[in-house]
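Heads up, the thing below is written out as structure tokens.
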Amino acid sequence: MRTEHYKTIADELAAAIRSGDLPAGTRLPTHRELARDRGVAVATISRVYAQLTAAGLVSGEIGRGTFVRDQSGYSGLEPRRLPVRERIADLSFNQPLAPGQGEALRRALRELANEGDLEALLAQHPPGGRERDRAAVATYLLERGLDVPPRNVLLTTGAQQAIDVAVSALLKPGAVVAVDAVTYPGMKLVASARHIELAAVRCDAGGTDIDELEALCARRTVSAVYLMPTVHNPLGFVLDTEQRERIAALARRHDLAIIEDATYAFLESAAPPPIQTLAPERTVYLGSMSKNLATGLRFGYLVAPDQLLGAATRALRTSTWGTPSLITALVTRWLRDGTVEKLEAERRADAERRQATARETFAGLDYVAHPAGYSGWLPLPEQTRADQVAARLAEQGILVSAAEAFAVPPFAPNALRLALGSVELDRLATVLRSVADLVRSMEPVPV
């Protein structure tokens with residue numbers, strides 16, 4: 001068939017979508033059905049749907065079909081943001097703060113100004129941080145079950161940079177990294193920027209499907225696996241000891257590097273030992289202080305084995321070098337004086353209250369979350385579409401994240417990820433009720 005024929009079909013469908021003749025959520029015919037209707041080969045329709053998918057007009061979902069996407073821009077990896085004046089509630093991003101935390105910052109800054117050598121904070125610190133600052137993080141990590149020397153700790157400007165540094169140090173362009181089928185969007189961004197291929201592994205509320213991970217490694221050359229074994233984002237699961245031991249053994253059999261993201265691990269007070277303790281020679285362990293202290297304090301860390309320290313340090317030098325000295329001084333002070341420990345306990349209690357509200361509000365729906373997590377995963381009924389729900393909620397001034405931002409192709413779950421940490425606790429039930437009411441009221445998807 002001539003090239004213009006497939007383009008003609010694609011252009012016709014694109015025009016119908018953009019004009020609204022094919023509204024958001026419409027299920028398109030199967031490849032075989034449309035091929036029969038138009039008198040063309042199935043391969044031609046595959047090209048049509050591929051072009052529409054690349055243009056952001058449709059999305060294909062395994063076992064469900066191909067659907068017209070909502071065009072409002074409130075779903076996807078980098079969704080639109082409502083202006084603050086129009087925003088009633090933001091359930092798309094977690095920025096938890098404790099009462100009085102601003103005053104604690106003011107007090108800490110005064111204390112820093114009244115003691116020590118302030119000029120030292122104006123000097124450039126070495127990439128990865130000074131020895132005493134690394135030691136403060138190493139001491140903190142003892143509570144997580146990690147016993148590592150300060151020289152193996154590198155300070156970063158948040159977990160996002162730590163992920164980028166780990167990928168840069170471990171992998172070359174074209175490498176394959178196994179990830180959960182729904183994973184942290186920041187990892188997707190790094191993979192795209194570094195030309196890394198992500199291979200999706202099924203997961204659910206019980207954790208990563210390790211049998212499928214094993215099958216993937218037997219079938220393909222996989223260089224690394226990226227995991228969030230303690231309070232997964234967005235599903236909230238915590239892998240048990242046996243699961244962690246299986247992953248460590250699998251990584252040794254297939255010579256995989258492990259990137260262990262522990263950003264939300266502080267919310268689980270009784271987690272098994274990190275995977276890093278089971279395979280320290282091949283694991284990069286990373287986290288941040290964004291959720292346990294404040295998102296504006298861009299302070300993170302990674303623990304690297306000896307053979308990766310040089311490459312990781314060079315990766316730091318090619319980006320932001322390290323953390324700003326004033327933020328480092330503030331965070332390490334709070335690590336040493338017990339402020340971090342106190343705030344983490346307060347965060348866990350706060351998150352438990354928020355999850356109790358969410359579970360009550362979403363009763364009867366398939367809501368998934370860690371009991372002390374700051375996020376929840378809300379799979380939607382068959383008759384609703386996540387992008388449409390996100391757009392309708394945005395019209396009400398409520399921002400949410402559609403599953404697309406977290407999904408790794410070919411998986412395309414139909415769900416919302418709800419961040420519970422930014423809305424005032426006394427308003428949370430009302431905001432979540434608006435979400436639940438809309439989900440329950442959505443009309444069936446047109447066919």
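The values are calculated or read from the model by the stated rules, or taken from the named source; none is laboratory data. Here the structure is a predicted model, which is why all the values come from computation and not from measurement. Quick reminder, even Gly has a Cβ in these numbers, built from the backbone with ideal geometry, and neighbours come from all protein chains shown. Note: areas computed on protein heavy atoms with side chains; ligands, DNA, RNA excluded. Shrake-Rupley method; radii C 1.70, N 1.55, O 1.52, S 1.80 Å.
Could you check how many residues of the range 62-100 are modelled with pLDDT under 80, out of contact with any Pro (no Cβ under 8 Å at 6 or more places or on another chain) and open to solvent by 20 Å² or more (accessible area, probe 1.4 Å)?
Final tally of qualifying residues: 20.
Scan (1) within 22 Å of the chain's Cα centre (by Cα); (2) of a type in the set (Gly, Ala, Ser); (3) open to solvent by 30 Å² or more (accessible area, probe 1.4 Å) for the single condition GLY310 breaks and write down its number.
(1)
For the range 342-359, how many residues meet the condition of being touching a residue at least 12 places away in the same chain (Cβ under 8 Å) and either among the acidic types (Asp, Glu) or open to solvent by 50 Å² or more (accessible area, probe 1.4 Å) (or both)?
Looking only at that region, the number is 6.
Within the set of pairs 6 or more residues apart or between chains, which connect a residue that is without any contact (Cβ under 8 Å) to a residue 40 or more places away in the chain inside the range 371-383 to a residue that is open to solvent by 20 Å² or more (accessible area, probe 1.4 Å) with Cβ atoms less than 6 Å apart?
PRO379/ASP366
Tally the residues that are touching a residue at least 12 places away in the same chain (Cβ under 8 Å), in a helix (DSSP H, G or I) and open to solvent by 50 Å² or more (accessible area, probe 1.4 Å), restricting the search to the range 15-31.
2
Taking strands (runs of 3 or more DSSP E) that fall entirely within the range 113-231, which contain at least 2 residues that are of a type in the set (A, V, I, L, M), under 22 Å from LEU316 (Cα atoms) and touching a Phe, Trp or Tyr at 6+ places or on another chain (Cβ under 9 Å)?
153-156
Can you say whether ALA262 is touching a residue at least 12 places away in the same chain (Cβ under 8 Å), within 30 Å of GLN355 (Cα to Cα), under 18 Å from the mean Cα position of the chain (by Cα) and open to solvent by 10 Å² or more (accessible area, probe 1.4 Å), as far as the supplied structure shows?
Against the criterion (touching a residue at least 12 places away in the same chain (Cβ under 8 Å), within 30 Å of GLN355 (Cα to Cα), under 18 Å from the mean Cα position of the chain (by Cα) and open to solvent by 10 Å² or more (accessible area, probe 1.4 Å)), ALA262 does not qualify.
Could you grab me the full set of residues in the range 149-160 that are closer than 22 Å to GLN307 by Cβ, open to solvent by 20 Å² or more (accessible area, probe 1.4 Å) and in contact (Cβ under 8 Å) with a residue 24 or more places away in the chain?
Once the filter is applied, which keeps residues that are closer than 22 Å to GLN307 by Cβ, open to solvent by 20 Å² or more (accessible area, probe 1.4 Å) and in contact (Cβ under 8 Å) with a residue 24 or more places away in the chain, the range 149-160 yields only ARG151.
Could you tell me whether GLY287 is in a strand (DSSP E or B) and under 22 Å from SER422 (Cβ atoms)?
When the stated conditions are applied, GLY287 passes them.
Rundown of residues vs (1) of a type in the set (Lys, Arg); (2) at pLDDT 95 or above; (3) closer than 21 Å to VAL201 by Cα, yes/no style:
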position	(1), (2), (3)
THR361	no, yes, no
TRP377	no, yes, yes
ARG385	yes, no, no
ALA390	no, no, no
LEU393	no, no, no
ASN414	no, no, yes
GLY421	no, no, no
THR430	no, yes, no
PRO446	no, no, no
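With the structure loaded, tell me whether ALA43 is over 25 Å from ALA405 (Cα atoms), at pLDDT 75 or above and touching a helix residue (DSSP H, G or I) at 6+ places or on another chain (Cβ under 9 Å) or whether it fails that test.
For ALA43, the condition - over 25 Å from ALA405 (Cα atoms), at pLDDT 75 or above and touching a helix residue (DSSP H, G or I) at 6+ places or on another chain (Cβ under 9 Å) - is met.
Can you tell me how many residues in the range 179-189 are in contact with a helix residue (DSSP H, G or I) (Cβ under 6 Å, 6 or more places away or on another chain) and closer than 17 Å to ARG220 by Cβ?
Looking only at that region, the number is 0.
When only residues in the range 36-54 that are open to solvent by 60 Å² or more (accessible area, probe 1.4 Å) and either in a strand (DSSP E or B) or in contact (Cβ under 8 Å) with a residue 40 or more places away in the chain (or both) count, which is nearest to HIS5 (Cα to Cα)?
Among residues in the range 36-54 that are open to solvent by 60 Å² or more (accessible area, probe 1.4 Å) and either in a strand (DSSP E or B) or in contact (Cβ under 8 Å) with a residue 40 or more places away in the chain (or both), the one nearest to HIS5 (Cα to Cα) is ARG47.
If you scan the range 275-294, which residues turn out to be at pLDDT 95 or above and open to solvent by 10 Å² or more (accessible area, probe 1.4 Å)?
Within the range 275-294, GLN276, THR277, LEU278, PRO280, GLU281, ARG282 meet the criteria.
Condition test on GLU111, is it acidic (Asp, Glu) and modelled with pLDDT under 85?
yes
Could you count how many residues in the range 201-242 are in contact (Cβ under 8 Å) with a residue 40 or more places away in the chain, under 20 Å from GLU404 (Cβ atoms) and surrounded by fewer than 24 Cβ atoms within 10 Å (Cβ to Cβ)?
Summing the residues that are in contact (Cβ under 8 Å) with a residue 40 or more places away in the chain, under 20 Å from GLU404 (Cβ atoms) and surrounded by fewer than 24 Cβ atoms within 10 Å (Cβ to Cβ) in the range 201-242 gives 3.
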